C-alpha cells in the first residue's frame, strides 16, 4: 500500500506520455481498425479485440498498403492517424476490465528490436527474441548507474526509442565527461513494462525518466504542423465502433 501511494498519479503519467507520437490505423469514420484475435493466457477462451499501435509512421503506412491487397474495401478508407502515447494510455485505462475491452498492441520498429537483441547479447545473455517495444538508455560510472541530465532543477533520465539517437547523445556526452567514457554502456528496457509500472511502483527510474521519440517520428509530426505552429500531437477521438480487419495478429507482450 505504501508503494502504491508513492507511485506516480495519473496526471503526471499522462504528462510524461502526452508528447510521444505514435500511429494507428483508422477508417473513414475515424474508428480504430480492430483485429479479432484468440485470447492469450492459460484458461482464456474466445477472441479479443486488438488495435495496433505503431511506433513508426512508415510501418503504419506499410500496413495500410498491405490492406490494399488483403481487404481493398477497408483499405479504401483506412489511413494512418497520429495519436499521443498519453491518449492511448488513458484509453487503455478506461477500457480495462470491460467486456468489450480493446487490447492495444504496440508494434515496434524491426530494426530497433534487432538492436535490443544485440545489446542483450553483448551482456552475455542468450536472447532469441525481444518482446515488446525496446527503450534504450545509457549507464556509466563505478556503480554502472543510469546516466541522467540536469534540466533546470529537474534531473531527467532519457529513454530513447531509437538506439542510434542515443548513440549520438553518448558521443556528445563523452566530450563533456571524458572520465566516464570507458564505463558507458547501452542498456534496454521494455516500454510495456514501464507503462505497467508507472502507476504502481515507487522508483526513481520511473519518476525521472523521459521518453525520447525517434527523429523520424518527430520530423513527421513537424511536417504536419502549419508554419510557425507549435502544437503537440493530438489524440484521435475514441472510436464510436470498431472497424474489422481481416488478418489475425499476435498481441505484443
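What follows is calculated from the coordinates using simple rules that are stated; it is not laboratory data. Keep in mind that this is a model prediction, so the values were computed, not measured. Please note: Cβ atoms are built from the backbone with ideal geometry, for glycine as well, and neighbour counts cover all protein chains shown.
Things to note:
- Against the rule of thumb 2.2 N^0.38 Å, how large the Cα Rg of the range 128-183 comes out: 1.24
- Debye-sum result for the range 112-213 in log10 I(q)/I(0), which assumes one identical scatterer on each alpha carbon, at q = 0.11, 0.14 Å⁻¹: -0.34, -0.56
- Multiplying each eigenvalue of the alpha-carbon gyration tensor of the range 23-126 by 5 and taking the square root yields semi-axes of 25, 21, 15 Å, largest first, rounded to whole angstroms.
- Packing-based order for 163-170, 186-193, using average beta carbon neighbours within 10 Å, highest first: 186-193, 163-170
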